[in-house]
Every structure is written in structure tokens, then in C-alpha cells.
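The values are calculated or read from the model by the stated rules, or taken from the named source; none is laboratory data. The shown structure was predicted, so the numbers you read here are calculated from the model rather than taken from an experiment. In this analysis, Cβ positions are derived from the backbone assuming ideal geometry, glycine residues included, and neighbour counts consider all displayed protein chains.
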Amino acid sequence: MDTTRLIIVAVGGQGNLLASRVIGEAALNSGIPVRMSEIHGMAQRGGVVESAIIFGDAQSTIISDNEADVLLGFEPSETLRALNKCNSDTVVITNLAPLPPFTVATGSDTYPDLDGLLDFIRTRTARLIALDATALAIEAGNILSVNMVLLGALFQTNAIPIPSQRVKEAIAKVTRKAFLESNLKAFDLGFTAASSIG
Amino acid sequence: MHKLIAEPPDTKMLLLGNEAIARGAIEAGVAIATTYPGTPSSEISLNLFQISQESDLYFEYSTNEKVALEVAAAAANSGLRSICVMKHVGMNVAADALLTLAYIGVKGGLVIVTADDPYMFSSQNEQDNRFYAKLSGLPMLEPSSIQEAKDMVPFAFDLSEKLQLPVILRTTTRINHSTAIVVLGKILTLKTKDDFIKDPFNYVTVPAVSRILHARLLKILEQAENISATSDYNFITGGGIFGIVCNGISYNYVFDAVNDLNIKDKVKILRIGFSHPMPQTLIKDFLKGCEKVLVVEEGEPYMEEAIKAFAQEEGLTIEIKGKSRDLFSRLYEFNPAQVRQIIAGYFVITYTPAQALNLSQMPEVPQRPPTLCAGCSHRATFYAVKKAAEGMETIYPTDIGCYTLGFLPPLSMGDFLICMGSSIGSSGGFSKATNKKILSFIGDSTFFHSGIPGLINAVFNKHNATLVILDNGTTAMTGHQPHPGVNMKKLNLDGYEPVSIENIVRAVGVSHVTVIRPYRIKKSIDAIKEALNVDGVSVVISQEICTLYAKGLKKGHGRPFYINEKCKNHRECINELACPAFLIEDGRVKIDATICTGCTVCAQICPEHAISPLKK
């Protein structure tokens with residue numbers, strides 16, 4: 001089958017690795033070949049966490065610059081930073097809620113203007129879906145379900161060859177029972193939000 | 001039940017490379033597992049540690065890699081299947097044991113896993129440990145996929161027992177930290193006890209014995225080379241006049257490149273998975289059918305040099321290239337596009353790479369460097385040391401752990417680091433070579449790993465230095481593994497007595513030893529000042545549990561703090577401590593109550609007493 005390459009970028013603690021796990025399990029249950037890799041060296045210490053997920057017959061587990069088909073960003077400035085992975089056909093999905101790094105808090109760096117950032121991405125890539133996943137996660141009843149909101153938005157785009165139902169089953173398998181209801185609600189809120197942006 | 005032992009054979013599971021290796025060990029019926037934690041190998045041992053708590057597997061976090069290998073070597077020579085897991089630089093520590101263990105060999109299978117880290121995602125160097133196989137003379141296997149990472153472990157155990165030699169399984173970060181679908185195999189029942197048959201003339205390596213054992217090793221290597229030459233792990237795919245030789249993760253990039261470039265009929269690929277001894281006859285036959293050969297391997301030209309030597313022996317003058325300025329670098333890891341482009345260029349294949357976006361006008365993205373956690377006790381210690389040493393000319397040798405991050409501004413506490421334990425050793429050199437005050441830092445786990453000999457040396461040779469031991473009660477950096485100073489009851493494990501760092505320090509003869517609680521800033525500064533006034537070696541043990549670990553153990557944090565109306569915007573808090581709980585909003589410092597752990601350090605140093613605990 002054709003290869004689809006997905007990059008996920010997030011800040012340590014945002015649940016990127018769990019989201020990747022959900023996608024991997026969903027692929028496994030759908031019979032879709034999947035390979036992934038993650039770099040999370042010092043993620044717990046506030047660094048960037050990057051996952052690459054490759055669907056199809058390719059053997060590689062990483063994605064080179066300019067070769068991502070889909071970029072899913074959990075934080076707007078991290079989405080921007082990962083644009084070197086994209087090309088003009090890339091679909092970009094991003095959370096709109098900033099998590100400014102400490103360098104911004106101390107005033108040694110400045111955070112980019114959000115509208116400018118979105119315009120920059122929109123004019124260079126095939127499609128941009130931007131949503132406040134953090135607000136939707138709170139609406140779903142758990143601020144930690146940002147990852148599930150973004151998964152909902154991702155699978156609404158049909159950019160990944162896995163049906164949403166499989167993803168929901170994977171959420172049920174992989175995430176903790178206590179959070180299942182809010183996780184599924186978060187997924188649906190993200191899905192609906194993406195379709196209205198559509 | 002642990003997920004790696006819960007599913008029946010033939011189940012398809014999504015596994016991380018390190019989980020697959022752990023599962024492979026279980027399938028092989030491993031009885032003894034030893035390790036010192038180190039990224040990218042850590043999850044192999046973490047899974048074995050967990051499984052050992054519900055099975056007959058014996059697992060230990062050893063004090064360092066050399067000890068880990070010695071424990072495993074003795075168990076294997078008592079007939080038990082043993083595995084010893086480490087990161088690449090750990091092999092340097094274990095090397096003394098490794099190189100003579102190769103002479104003695106093993107009875108039960110012994111597999112040594114070395115996890116290399118090209119690009120140094122979380123390491124101090126990117127040494128290529130394939131040379132340890134060559135240096136020691138031990139067989140080596142290198143997986144290209146997660147399935148192979150699992151499958152190679154039982155194969156390695158069988159090979160080890162057949163050759164009666166330890167076998168090295170060498171991975172790189174992209175194997176350890178990649179995830180894919182793996183088909184499980186059968187689990188062999190493990191043997192918990194066997195016996196050591198005395199045979200001192202084969203086990204006690206005095207020169208006369210070793211002369212015989214070295215000859216034995218070379219003889220076994222001939223046998224190993226024959227196995228390598230016909231091993232399924234060294235295979236050829238495709239066909240044509242162009243040849244590519246590759247190994248490990250590079251094979252995947254080559255495989256994809258040959259597909260993407262549509263040159264399957266022009267290129268044959270030799271994938272080397274059994275890479276020491278190199279399969280000489282196989283390689284020679286492969287070369288004979290090629291007009292031009294490209295060697296694709298991350299790191300050093302390990303295969304390239306061997307292949308060129310084989311070609312010379314056969315009188316072949318075909319072009320063989322790998323590492324060169326315009327082809328592959330010895331630096332960092334490879335990626336699919338890079339390998340595709342170099343293959344296309346070398347074999348003159350037309351290829352249009354994906355077009356880069358025009359990012360010239362891209363808004364600047366702020367850096368997001370890793371930082372010590374909010375409420376990290378190391379930050380408090382560094383601050384106290386800095387204040388205590390104010391006005392002195394100082395050198396701060398540091399060591400390997402989270403606290404290495406203290407070298408970043410504004411703390412700037414870290415001037416020299418080469419390896420585990422180097423803080424103490426190098427302090428001695430600086431104290432003899434300069435007139436500066438030497439203050440070095442080492443973590444608790446690193447102290448046990450390789451700090452103690454350095455400390456004894458400093459005491460005996462009358463170095464003049466202060467050592468600060470940052471004791472946060474765990475091996476924090478690699479994911480909170482226990483070490484000999486840890487209270488194992490916190491992990492619900494009975495029967496362990498923690499080894500006291502303070503007792504060790506006193507026992508080796510350090511005359512001035514103080515224990516501080518770093519969150520008590522003023523007392524800590526005073527204690528450090530006193531230590532700095534001591535002539536000779538002084539030690540300050542700074543004890544406070546890792547804040548992240550405390551959270552994991554469900555120990556509550558203190559109440560979060562906030563900035564009250566007395567704040568005059570001095571910003572000493574944010575400028576000197578750089579705690580990630582601070583943020584600036586509308587030109588004023590604020591504290592993010594969801595991150596603040598209530599360590600109270602900022603409240604203690606605020607000149608206006610403008611930081612107070614939030615009311616419940």
C-alpha cells in the first residue's frame with residue numbers, strides 16, 4: 001500500500017506518546033502496516049517530544065525533512081518549528097493554545113504572534129486545521145485529554161487510512177478506564193471541531 | 001500479568017524495540033538479567049525488572065556495567081542463561097571484564113546488549129561499539145527491525161551456547177525507540193539453578209592459562225565465521241550490477257530508497273545482521289558480481305574497511321565507497337531522504353527530491369531547552385553553592401545526571417564533564433593544576449557507579465576540593481531506577497537495606513562531612529561555606545527526594561506559592577533560579593500554581609518577602 005507519513009510534535013507531558021500508541025494499536029487492529037519512532041530524550045524536563053508514524057510498506061521508522069504527509073502539532077510554536085518536515089502537499093493540524101517555553105517567561109526569547117504563525121503555515125501547506133484543543137479538553141472534562149481532542153481532529157481529515165471506530169477502540173484499550181469517557185468525548189469534540197473548520 | 005508474558009505465541013503485538021528485546025530474552029528462558037540503566041537501553045531492563053517481580057527471573061540493577069557483566073558472567077559459567085544490558089558508553093566501563101571474559105567464554109548462554117546512540121540524543125559521545133566485537137573477538141548481531149530485535153535474542157543465546165562465547169547484540173537508538181508490530185514466539189522455561197564446575201586452568205586467567213585461552217578464542221572465531229557466512233541474518237535481495245552493503249537501521253533506508261528510486265533490477269543488497277565475524281566468503285562472492293559497491297552504515301567505516309580488505313585479497317579493483325566527504329558521514333544518524341539521495345547520486349539515477357517549503361520569512365521560534373523541573377532540589381543546591389562561593393574563583397566539575405543541566409545559565413554550575421564519575425577524579429587534577437577553589441557535583445547513583453574510587457583517591461592523595469553529592473534518592477535521569485542507596489520499601493520491595501552514602505564517605509576518611517536539606521537555603525549556604533574553608537577533601541551531601549519521583553510515589557507536594565502585592569519586580573527569583581513555574585505576564589512575575597511544587601526556595605530568597613503560599 002501507499003506510504004503515509006505522520007509527524008507528531010508536542011511538549012513533554014502533553015501525551016504525545018500515548019496518542020502515538022493509540023494510533024499504532026488502531027493500525028494493528030485494522031491490519032494496516034505501521035512503524036513508529038519517538039525521540040523523548042529529556043522530555044520530562046520540558047523538552048520537545050517528536051513521534052514519527054509511518055503507515056504502509058516502507059521499512060523506515062523516521063521521516064526526513066520535506067516528507068511528512070501530515071503534521072499534528074500539540075502546541076502552535078512547535079507546529080511552526082516542525083514545518084521543515086512539510087511540503088506544499090502536507091496537511092497540518094495544530095492546537096492553538098500556546099505553552100510558552102521558559103526562555104519566553106524569562107524574557108530571553110519572544111513567542112511568535114499567533115495569527116502570523118497560522119498565516120505562515122496556511123499559505124505554504126495544503127491545508128491547515130487549527131483548533132483550541134486545550135479548551136475542548138477542558139470541555140470534555142479533563143485538561144489532560146488534549147491528545148485525544150487532536151486525535152479526533154486528525155482522523156476527521158481522512159488523511160490517515162484508519163477508520164475512526166478503530167481509533168476509539170484503541171483508546172478504550174490503551175487509556176485508563178477512569179478517563180475513558182472523557183477521552184472519547186474529547187475525541188468527538190476534536191472530530192466535530194475539525195469538520196466545522198473543514 | 002506483565003503484558004510481555006501475558007499473550008500466547010503467534011500473537012501480534014505493537015512493541016517498542018526495547019520491549020521486543022526484553023520479550024526475546026524471556027522467550028529464550030533467560031534466568032539472570034543485570035544492568036546499569038542508560039538511555040537508549042533503559043526500557044529493556046525496566047521490563048525485565050517488572051517481569052522478575054512475577055516470575056523466577058533474577059534481575060538486578062547493578063552498581064555499574066562492569067559489575068553487571070561480572071555477575072552475568074559467573075551466572076552464565078554456572079550454566080544459566082544470562083543477559084547484561086547497557087548503553088554504549090557503559091561498555092567502556094565493562095570493557096575490562098569483557099575482554100578477558102572472551103577468553104574464558106561461557107557455558108550457559110550470555111548475551112550482552114549494547115545500545116549505541118548515533119547523534120547523541122542522550123549521550124556524551126556517539127562511539128561505535130561494533131569495534132568492541134572486533135576488539136574482544138566476540139560474535140555480534142545487529143537487528144534492522146523490531147521483529148528481528150526480538151528474534152535475534154533467542155538466536156544469540158543458542159549461538160552463545162554453541163560457541164561457548166558471550167554474544168553481543170548491538171542496537172542503535174532508532175531500534176531501541178522504534179515501535180512496530182511483532183509476532184511473539186514460544187517462551188522457554190527458565191532454569192533457576194545450575195552448578196559451577198571448578199576448572200581453574202580454564203577459569204583463572206594467569207598468563208599461562210590466558211595464552212591457551214586466547215588461542216582457543218581464535219579457533220572458535222573460525223567456527224563463528226563459518227556460521228556468519230551461512231547465517232540467515234546475512235542475506236542478499238534484488239539483483240544487478242550495483243551492490244549495496246548495509247546493516248542495522250540503515251537497511252530500512254536502503255530498502256525504501258531502492259523501492260522509491262525503482263532500481264530493484266539494478267541493485268542487489270547485502271544486509272549484514274551477523275556482523276562479527278564478518279561473513280568473508282559471502283562478501284567476496286557478492287563483490288564478484290558487482291561493478292560498483294556502496295557501503296551504507298551509520299558511525300565508523302566498520303564494514304567498509306573489512307570489505308575493502310576482502311576485495312584486496314580477491315584482487316578485485318571495483319569501486320567500493322562508503323564514508324567520504326561527498327557520500328556518507330561518520331557523524332550522527334542517517335535518514336531515508338539522505339540515503340536515497342546518496343544512492344541516486346552514486347549510481348547515477350535520476351531523482352527529484354521533495355521540494356522544501358520556502359521558510360525564509362518564518363517567524364522566529366523560541367528555543368525549548370530541557371530544564372530542571374519546577375521544585376527540583378538540584379536547583380536549590382546549585383543556588384546555595386553559588387551563594388556560598390560568592391567572591392571566590394571557582395571551577396565546577398560536574399557529572400552525568402539531571403544535574404548536568406545545571407551548567408546552563410542562569411545557574412551556570414558545571415565547567416567540566418567527560419564521563420560517569422569524572423567530577424571527583426577531575427577535581428583532583430584541577431586542584432593540583434590551579435589555584436582556584438574546586439567544587440564538584442555528583443548524583444547519588446553516579447556516586448555508587450564510579451564516584452567512590454575517585455573519592456578515595458582524593459583523600460589519599462590530599463586533593464583540595466569540595467564534593468557536593470546530590471542525593472535525590474533515585475536514578476532520576478533514566479527514569480527513576482533504584483540504586484544501592486535507595487529505600488526499596490518505597491517500591492514495595494522487601495529485604496533490601498540501603499547503603500548509606502554518608503557512611504561510605506566517612507569510612508574512606510573524609511574529615512569534613514555535612515548533610516544538608518537544600519530547601520533550607522540559609523542553613524545550606526552556611527554549611528557549604530564551612531566545607532569550602534576546609535583544607536583537603538570536604539563532602540556536602542544534599543538530600544532531598546527527586547520531585548518527579550515523589551510525584552510518581554504519590555507523595556504530596558507542598559502548597560503552591562503566589563506572588564503577593566509586596567513584589568517590587570526585582571526578579572531575583574526568576575533571574576537566579578529560572579524555575580519553570582515562573583512566567584511573566586504584563587511585565588510582572590507570576591507563578592503557575594499548577595506547576596509549582598511548593599519547595600519554598602524562591603520565597604526564601606525574595607528580598608521583599610513577596611512570595612507566599614496559596615491559601616487552601
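Under 21 Å from B:SER412 (Cβ atoms) and part of a loop (DSSP other than H, G, I, E, B): is that true of B:HIS609 in this structure? I'd like the intermediate steps shown before the answer.
Values: under 21 Å from B:SER412 (Cβ atoms): no; part of a loop (DSSP other than H, G, I, E, B): yes.
So B:HIS609 does not fit the description; no.
Just checking: which of the strands (runs of 3 or more DSSP E) contained wholly in segment A:30-112 hold 3 or more residues that are more than 7 Å from chain B (Cβ to nearest Cβ) and touching a residue at least 60 places away in the same chain (Cβ under 8 Å)? Don't jump to the end; show me each part of the working.
Details: elements: A:34-39, A:48-55, A:70-73, A:91-95.
In segment A:30-112, the matching strands (runs of 3 or more DSSP E) lie at A:70-73.
Name every residue in segment B:559-575 that is surrounded by fewer than 18 Cβ atoms within 10 Å (Cβ to Cβ) and within 35 Å of the chain's Cα centre (by Cα), in order of residue number.
Answer for segment B:559-575, where residues must be surrounded by fewer than 18 Cβ atoms within 10 Å (Cβ to Cβ) and within 35 Å of the chain's Cα centre (by Cα): just B:ASN575.
Taking strands (runs of 3 or more DSSP E) that fall entirely within segment B:1-112, which contain at least 3 residues that are within 14 Å of chain A (Cβ to nearest Cβ)?
Values: elements: B:12-16, B:32-35, B:58-61, B:82-87.
Per the criteria, B:12-16.
Answer yes or no as to whether B:LYS219 is among the charged types (D, E, K, R), under 17 Å from B:ALA102 (Cβ atoms) and either more than 14 Å from chain A (Cβ to nearest Cβ) or crowded, with 23+ Cβ neighbours inside 10 Å (or both). Steps first, answer last, please.
Values: among the charged types (D, E, K, R): yes; under 17 Å from B:ALA102 (Cβ atoms): yes; either more than 14 Å from chain A (Cβ to nearest Cβ) or crowded, with 23+ Cβ neighbours inside 10 Å (or both): yes.
Yes.
Can you confirm whether segment B:366-374 contains a residue that is outside any loop (DSSP other than H, G, I, E, B) and either within 9 Å of chain A (Cβ to nearest Cβ) or among the acidic types (Asp, Glu) (or both)?
First, the residues of segment B:366-374 that are outside any loop (DSSP other than H, G, I, E, B): none.
No, because not a single residue in segment B:366-374 is outside any loop (DSSP other than H, G, I, E, B) and either within 9 Å of chain A (Cβ to nearest Cβ) or among the acidic types (Asp, Glu) (or both).
Suppose the filter is at pLDDT 95 or above and assigned to a helix (DSSP H, G or I); does B:GLU304 pass it? Write out each step before concluding.
Numbers: at pLDDT 95 or above: yes; assigned to a helix (DSSP H, G or I): yes.
So B:GLU304 fits the description; yes.
How do the pairs read when you match residues in segment B:262-286 that are farther than 26 Å from B:LEU169 by Cα with residues anywhere that are aromatic (Phe, Trp, Tyr) and surrounded by fewer than 24 Cβ atoms within 10 Å (Cβ to Cβ), using Cβ under 9 Å and keeping only pairs 6 or more apart or on different chains?
B:ILE263/B:PHE242; B:ILE263/B:PHE347; B:LYS266/B:PHE242; B:LYS266/B:PHE347; B:VAL267/B:PHE242; B:VAL267/B:PHE347
Quick one: B:GLU65 ticks every box in (1) of a type in the set (Asp, Glu); (2) closer than 14 Å to B:THR34 by Cβ; (3) surrounded by fewer than 23 Cβ atoms within 10 Å (Cβ to Cβ) bar one, so which box is it?
Failed condition: (3).
Could you please find all residues in segment B:329-365 being within 9 Å of chain A (Cβ to nearest Cβ), surrounded by fewer than 24 Cβ atoms within 10 Å (Cβ to Cβ) and touching a Phe, Trp or Tyr at 6+ places or on another chain (Cβ under 6 Å)?
Answer for segment B:329-365, where residues must be within 9 Å of chain A (Cβ to nearest Cβ), surrounded by fewer than 24 Cβ atoms within 10 Å (Cβ to Cβ) and touching a Phe, Trp or Tyr at 6+ places or on another chain (Cβ under 6 Å): just B:GLU333.
Restrict the check to segment B:131-149 and report whether at least one residue is surrounded by fewer than 24 Cβ atoms within 10 Å (Cβ to Cβ), among the charged types (D, E, K, R) and farther than 21 Å from A:ILE62 by Cβ.
The answer is yes; a qualifying residue exists.
Looking only at segment B:197-229, count every residue that is under 32 Å from the mean Cα position of the chain (by Cα) and not in a helix (DSSP H, G or I) and tell me the total.
2
Could you list, in sequence order, the residues of segment A:80-114 that are among the charged types (D, E, K, R) and within 15 Å of B:MET362 (Cβ to Cβ)? Write out each step before concluding.
Let us first name the residues in segment A:80-114 that are among the charged types (D, E, K, R), namely A:81, A:85, A:89, A:109, A:113.
Listed by number, the residues that qualify are A:ARG81, A:LYS85, A:ASP109, A:ASP113.
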